[in-house]
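Beneath this line is the structure, given in structure tokens, with notes to follow.
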């Protein structure tokens with residue numbers, strides 16, 4: 001999501017996520033640029049939906065946990081999202097679950113034609129807004145700021161109305177032994193529902209997620225057709241995954 005930002009804009013966003021009280025004057029001194037330059041940066045960030053302007057300053061538009069996750073494994077996440085986007089063909093029907101990496105998939109769909117995407121992620125909306133080939137359906141539900149997702153009974157009920165060719169989901173943690181896990185019960189239920197309404201299910205997860213175990217078990221990895229990860233996954237782990245019948249793609 002913050003891949004469209006300049007280096008200074010990214011730094012400003014990171015600083016504001018740690019201290020929302022900073023004024024234009026404070027930021028001007030930190031970056032040794034004029035107040036006019038900082039105001040222009042803040043205006044650009046506001047136009048991109050990253051901040052909300054306040055009197056004399058700004059605050060991030062997203063929950064701190066979203067911003068923190070975006071800082072982690074950034075290059076790997078971009079490669080993974082690009083690889084996932086390459087699997088989507090013209091005319092495909094797709095479900096994309098919530099997550100900072102999964103949301104990036106929509107960014108790399110420019111040039112594809114006639115795509116129908118169903119999602120519970122609000123992070124996808126800015127990318128769909130600028131791509132006329134994406135027909136986006138955002139299911140309803142209870143909004144969770146910490147994950148920029150919609151969850152709960154309404155979400156599950158609305159997902160029942162769809163069946164897609166491909167589904168892409170993220171995770172808080174996964175392993176050959178424990179399968180897919182997360183920290184949120186309601187998020188786990190959404191993933192299970194998506195898995196039941198697609199022909200092919202693909203896990204999107206950078207290598208730092210391997211071996212992590214969340215609070216809630218979701219699905220065994222044998223339920224997945226493919227995992228897209230990065231080169232940080234060891235050959236030993238890759239072999240374990242392949243032995244479970246899962247195609248492994250390193251982005």
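Which value in Å is the Kirkwood Rh of the range 2-61 over different Cα pairs?
Numbers: mean 1/r = 0.0905 Å⁻¹.
Kirkwood radius, the range 2-61: 11.1 Å.
Between residue 33 and residue 113, with labels modelled 7 Å along Cα→Cβ, what's the label distance in nm to one decimal, could you check?
Taking the two extended label points, one gets 4.1 nm.
As I understand it, the value is the acute angle between the Cα axis of helix 35-47 and the longest principal axis of the Cα atoms of the chain; what does it come to in degrees, rounded to 10?
30 degrees
Assuming 0.36 nm per residue, please report the length gained on full extension of the stretch residue 52 to residue 247 beyond their Cα-Cα distance.
Working: separation 195, 0.36 × 195 = 70.20 nm, distance 4.22 nm.
Length gained between residue 52 and residue 247: 66.0 nm.
Write down the Kirkwood hydrodynamic radius of the chain, to one decimal in angstroms, obtained as one divided by the mean of 1/r over all alpha carbon pairs.
Taking the inverse mean of 1/r over all distinct Cα pairs, the chain comes out at 19.0 Å.
Helix 7-18 against the longest principal axis of the chain: what's the angle in degrees, Cα atoms only, rounded to the nearest 10?
90 degrees
Sum -39500 (n - 2.57) across every DSSP H segment of at least 4 residues in the chain, then divide by the residue count to get the 222 nm mean residue ellipticity, nearest 500. All intermediate terms of the calculation are to be shown ahead of the outcome.
Details: 10 runs with 94 residues, N = 251.
Roughly -10500 deg cm²/dmol at 222 nm, from the helical runs in the chain.
What relative contact order, as a whole-number percentage, does the chain give when Cα pairs under 8 Å and 6 or more residues apart are counted?
Worked out over the chain, it gives 15 percent.
Roughly speaking, what is the stretch gain from residue 161 to residue 146, that is 0.36 nm per residue apart minus the C-alpha to C-alpha distance, in nm to one decimal? Numbers along the way, then the final one.
Numbers: separation 15, 0.36 × 15 = 5.40 nm, distance 2.63 nm.
Gain on stretching residue 161 to residue 146: 2.8 nm.
If you fit an axis through the alpha-carbon atoms of helix 74-86 and take the longest principal axis of the Cα set of the chain, what angle between them do you get, 0 to 90°, nearest 10?
50 degrees
Please list, in order, the residues from the range 216-251 whose amide nitrogen is less than 19 Å from a point placed 7 Å along the Cα→Cβ vector of residue 177.
Once the point is set 7 Å along Cα→Cβ of residue 177, 216-223, 233-245 turn out to lie under 19 Å by backbone N, inside the range 216-251.
Where the convex hull is taken over the Cα atoms of the range 120-196, what is its projected area averaged over directions, in nm²?
5.8 nm²
What FRET efficiency comes out for residue 25 versus residue 63 if R0 is 25 angstrom and r is the Cβ-Cβ distance? Round to the nearest 0.05. Could the numbers behind the result be given before it?
Working: r = 27 Å, r/R0 = 1.07.
Step by step, r from the Cβ atoms, then E = 0.40.
Nearest 5 is fine: what % of DSSP beta bridges in the range 1-156 come out antiparallel, could you say?
On the way: 9 of 18 bridges.
Around 50 percent antiparallel, to the nearest 5.
Mind jotting down the distance between the C-alpha centroids of the range 3-29 and the range 140-188, whole Å?
31 Å
A short reminder: the numbers here are calculations on the coordinates, not readings from a lab. Since we're looking at a predicted model, the values are computed, not measured. All Cβ positions, glycine included, derive from the backbone under ideal geometry; neighbour counts span all protein chains shown.
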